[in-house]
Amino acid sequence: MFNRIVKAKKESKGVVLSDGKRFNGKSRFTDSLAIKFKIHFAKAICDSKHDLKGLYKRSLAIFHQHYSTNKQPMHDWCDGRCCKYIQATTTGEEYNHNSRSIIPRVCLDLVRPVFDELCCVNNLIRGCEWRLAQRQ
Ligand SMILES: [Zn+2]
């Protein structure tokens, strides 16, 4: 995950996005967010060892959690134990997506192919098989 995001970052170096700004930098896509995605993805894999459907759901939730806005919340794949939006709406409170650091969607659109590729069911199966083979 991290290596793929770094690759996307390198490929976008010097490219001006549709909002007139570049991919990374302050209030943009940072290396710490790439590390955060990597950690969440690794945790999803560890927690869903025998649950491919759960792994698929949790993997997609990582991206959509960050892609969500007040106008377009996308928490269908989120775990209610971790997602503050679900927790707030369950208790009838309003959740403000702007209360957290917002990564512009134009930046997230550049890493979406990484998620699309790594989080498709066939690649998740292959990743799990590879991990199992490494342990033997
Ligand atoms: Zn969520």
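Scanning segment 14-42 for residues that are out of contact with any Lys or Arg (no Cβ under 8 Å at 6 or more places or on another chain) and outside any helix (DSSP H, G or I) returns Leu17, Ser18, Asp19, Gly20, Gly25, Lys26, Ser27, Thr30. A residue that is touching a Phe, Trp or Tyr at 6+ places or on another chain (Cβ under 6 Å), open to solvent by less than 20 Å² (accessible area, probe 1.4 Å), more than 16 Å from Ile102 (Cβ to Cβ) and modelled with pLDDT of 90 or more cannot be found anywhere in segment 8-18.
In segment 61-80, the residue that is nearest to the ligand (Cβ to nearest atom) out of those that are of a type in the set (A, V, I, L, M) and closer than 16 Å to Lys38 by Cα is Ala61. Filtering segment 39-72 to residues that are within 20 Å of Cys119 (Cβ to Cβ), open to solvent by 90 Å² or more (accessible area, probe 1.4 Å) and basic (Lys, Arg) leaves Lys43, Lys49, Lys53, Lys57.
Quick one: which of Leu55, Leu110 is within 23 Å of Lys9 (Cα to Cα) and assigned to a helix (DSSP H, G or I)? The conditions single out Leu110. Candidates in segment 73-102 are the residues that are open to solvent by less than 70 Å² (accessible area, probe 1.4 Å) and part of a helix (DSSP H, G or I); of these, the one that is modelled with the lowest pLDDT is His97.
When segment 91-104 is examined, which residues are found to be within 12 Å of the ligand (Cβ to nearest atom) and not aromatic (Phe, Trp, Tyr)? Selection gives His97, Arg100. Residues that are among the charged types (D, E, K, R), surrounded by 10 or more Cβ atoms within 10 Å (Cβ to Cβ) and modelled with pLDDT under 90 within segment 103-136 comprise Asp116, Glu117, Arg126, Glu129, Arg131, listed in sequence order.
The values are calculated or read from the model by the stated rules, or taken from the named source; none is laboratory data. Since this is a predicted model, take the numbers as computed values, not measurements. Every residue, glycine as well, gets a Cβ built from its backbone with ideal geometry; the counts of neighbours run over all protein chains shown. Just the protein is used for accessible areas: all its heavy atoms, side chains included, with ligands, DNA and RNA removed. Shrake-Rupley method; radii C 1.70, N 1.55, O 1.52, S 1.80 Å.
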